[in-house]
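Reviewing the structure listed below.
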Amino acid sequence: MSEYTLFLDLANEVEPPAKGILSRTLYNGEKVKAVIFGFAPGEELSEHTASMPAVLHFLTGELRLTLGDDTLEATPGTWVHMPAGLRHSIQAKTPVVMLLLLFK
C-alpha cells in the first residue's frame, strides 16, 4: 500500500456542474482533510464559518470572495488561510474549481 496520496492535476479532479455545487473528498487523514469543489456559474456558498483553520485554493474560474468584512475578486491561483471562526462566503462568476484544506 502506498504511503502517499498523489493528484497530478487537481483542477481536473472535478468537473464544475452545469447547475449547483459538487464536492468530493480527496483525502481524509488524522490532521488534514482535502475536499475539491466545483461551482456552476452563479452558485454561492452563503456566509458561514469553519470550526477549524482552513485553506482555500482556487484552481480555475473567477469568483467574489468575502472574508470577514473584506470582499475581493479571486482568480486562479488565489490562496487564503483562514483561522477557525472567520466568516466567509463564495459567489462563482464562472465555473470554479476550489481545493479546501481543513486542519483538524
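Would you mind working out the magnitude of the charge dipole of the chain relative to its Cα centre, with +1 at each Lys and Arg C-beta and -1 at each Asp and Glu C-beta, to the nearest 20 Debye?
Details: 8 positive and 12 negative charges, 44 e Å.
Using only the charged Cβ atoms, the result is roughly 220 debye.
Between the labelled values (1) 13.5, 46; (2) 20.1, 56; (3) 25.1, 77, the entry that holds Rg and Dmax of the Cα atoms in Å as derived from this structure is (1). When exposed loop sites are taken as chymotrypsin sites (Phe, Trp or Tyr not before Pro) in a DSSP loop with at most 13 other Cβ atoms within 10 Å, the longest stretch of the chain clear of them is 8-104. With 0.36 nm allotted per residue and the present C-alpha distance subtracted, the Phe103-Thr71 stretch has 9.2 nm of extension available.
With the full set of protein chains in place, find how many percent of the accessible area of the range 1-81 is carbon and sulfur; take the probe as 1.4 Å. Numbers along the way, then the final one.
Values: 2620 of 5250 Å².
Ligands and nucleic acids excluded, carbon and sulfur give 50 percent.
Phi-derived couplings, Karplus 6.51 cos²θ - 1.76 cosθ + 1.60 at θ = phi - 60°, listed residue by residue for the range 41-47: x, x, 6, 9, 9, 5, 3 Hz, with x used for Gly and Pro.
Look at the alpha carbon pairs under 8 Å that are at least 6 residues apart: their mean separation over the length of the chain gives a relative contact order of 33 percent.
FRET efficiency for the pair Ala18 and Glu44, taken as 1/(1 + (r/R0)^6) with r the Cβ-Cβ distance and R0 = 22 Å, rounds to 0.90. Solvent exposure of the chain, expressed per residue, is 60 Å² of accessible area, with all protein chains present and a 1.4 angstrom probe.
Identify, among Leu26, Val96, Leu56, the residue whose Cα sits farthest towards the positive end of the charge dipole of the chain, taking +1 on the Cβ of Lys and Arg and -1 on the Cβ of Asp and Glu, with the dipole about the Cα centre. Selected residue: Leu26.
Please compute the length gained on full extension between Ser89 and Arg64, using 0.36 nm multiplied by the number of residues separating them and subtracting their Cα-Cα distance. Before the final figure, lay out each step's value.
On the way: separation 25, 0.36 × 25 = 9.00 nm, distance 0.82 nm.
Roughly 8.2 nm would be gained on extension.
The values are calculated or read from the model by the stated rules, or taken from the named source; none is laboratory data. Since we're looking at a predicted model, the values are computed, not measured. With ideal geometry, Cβ positions are generated from the backbone for all residues, glycine too; neighbour counts draw on all protein chains shown. These area figures cover heavy atoms from the full protein model, side chains too; ligands, DNA and RNA do not enter into them. Shrake-Rupley method; radii C 1.70, N 1.55, O 1.52, S 1.80 Å.
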